[in-house]
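Everything below concerns the one structure shown next.
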Amino acid sequence: MKIALIGYGKMGKEIEQLALASKHDVVLRIDKHTDDSLNEIGKADVAIEFSEPAAAYNNILACFDANVPIVVGTTGWYDKFDEVKKLCVEKKQALFYSSNFSVGVNIFFEVNKKLASLMGERIEYDVDMEEIHHSEKKDAPSGTAIVLANGVIEQVKRKKKWKSVLWPANAVSAKDDLLIHSLREGNVPGTHRVKYLSDVDEITIEHKAFSRRGFASGALLAAEWLKGKKGIFTMSDLLKL
């Protein structure tokens, strides 16, 4: 399979290593430090996009125009999702997107939803969240944290919306806010916690990534799975969750 890497930072390089080990060809590497152009994207069978929120939308459209399926790991562009979805359907293209390609994280999403359903009526518990990532991550809260927060809000009706708080700042919040505390430090691949706290105990679920390899292998798996398909897909489709 011929792969184009859009975004050739740490994730792009990790995906490249796994792709080459799996006997795929990386035919294009695009980042802000190279002369490679999206105009050449048509030489690829599939594109894997891990760039920046401001660039993701245009990268997706370029792949649609070139009839190249695209796997998108960048977050922070979802305000344009409805437009992207419309164009994907109209142009009969293929888009696979996820806030997190780790198989473990996607299982964690399901655990989070199950716990939230059990805690929905337990008004003695308050709930909040924490997420920690490396200092180079552009968006806060993370896309993964937003998915987790929405999973909580769907079940815990006393929380109406999530609110982002950057550590170590103190938050002024309403009782119906679900706080997401975000910390950017060092080279942390990603840690997410959901905590329910009462006067007598605490229930916490956590996913901690040890490296980027889990994300990279999931993105490559998605690219292999997407080839030949048309439509919009997520990890739930791939994993049949």
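The values are calculated or read from the model by the stated rules, or taken from the named source; none is laboratory data. A quick note: this is a predicted structure, and the numbers were derived from the prediction, not measured. Cβ: placed from backbone, ideal geometry, glycine included. Neighbour counts: every protein chain shown.
Which residues, counting only those in the stretch 15-29, are more than 15 Å from C63 (Cβ to Cβ) and crowded, with 20+ Cβ neighbours inside 10 Å? Across the stretch 15-29, the qualifying residues are I15, A19.
Residue count for the stretch 146-187 under the criterion of being among the hydroxyl-bearing types (S, T, Y) and not in a strand (DSSP E or B): the result is 1.
Table: residues versus (1) aromatic (F, W, Y); (2) at pLDDT below 95; (3) touching a Lys or Arg at 6+ places or on another chain (Cβ under 7 Å); (4) not assigned by TED's automatic domain parsing to the domain that holds I203.
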site: N67; (1), (2), (3), (4): no, no, no, yes
site: K80; (1), (2), (3), (4): no, no, no, yes
site: K86; (1), (2), (3), (4): no, no, no, yes
site: V89; (1), (2), (3), (4): no, no, no, yes
site: F109; (1), (2), (3), (4): yes, no, no, no
site: E136; (1), (2), (3), (4): no, yes, no, no
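Kindly evaluate V194 against the criterion of being farther than 30 Å from C88 by Cα, hydrophobic (A, V, I, L, M, F, W, C) and touching a strand residue (DSSP E or B) at 6+ places or on another chain (Cβ under 6 Å). Here the answer is yes, as V194 does meet what is asked. When the stretch 188-213 is filtered for residues that are among the aliphatic types (A, V, I, L, M) and closer than 28 Å to G120 by Cα, the ones remaining, listed by number, are V194, L197, V200, I203, I205, A209. Each residue in the stretch 188-216 was checked for being surrounded by 15 or more Cβ atoms within 10 Å (Cβ to Cβ) and assigned to a loop (DSSP other than H, G, I, E, B), and 5 pass.
Residues being within 17 Å of the chain's Cα centre (by Cα) and at pLDDT 95 or above are entirely absent from the stretch 195-203. Taking the stretch 61-90 as the range and being more than 24 Å from S102 (Cα to Cα), surrounded by fewer than 18 Cβ atoms within 10 Å (Cβ to Cβ) and not β-branched (V, I, T) as the test, the residues that pass are D65, N67, D82, E83, K86, L87, E90.
Suppose the filter is in the same structural domain as E224 (by TED's automatic domain parsing) and buried (at least 22 other Cβ atoms within 10 Å of the Cβ); does F96 pass it? First the steps, then the outcome.
Details: in the same structural domain as E224 (by TED's automatic domain parsing): yes; buried (at least 22 other Cβ atoms within 10 Å of the Cβ): yes.
Against the criterion (in the same structural domain as E224 (by TED's automatic domain parsing) and buried (at least 22 other Cβ atoms within 10 Å of the Cβ)), F96 qualifies.
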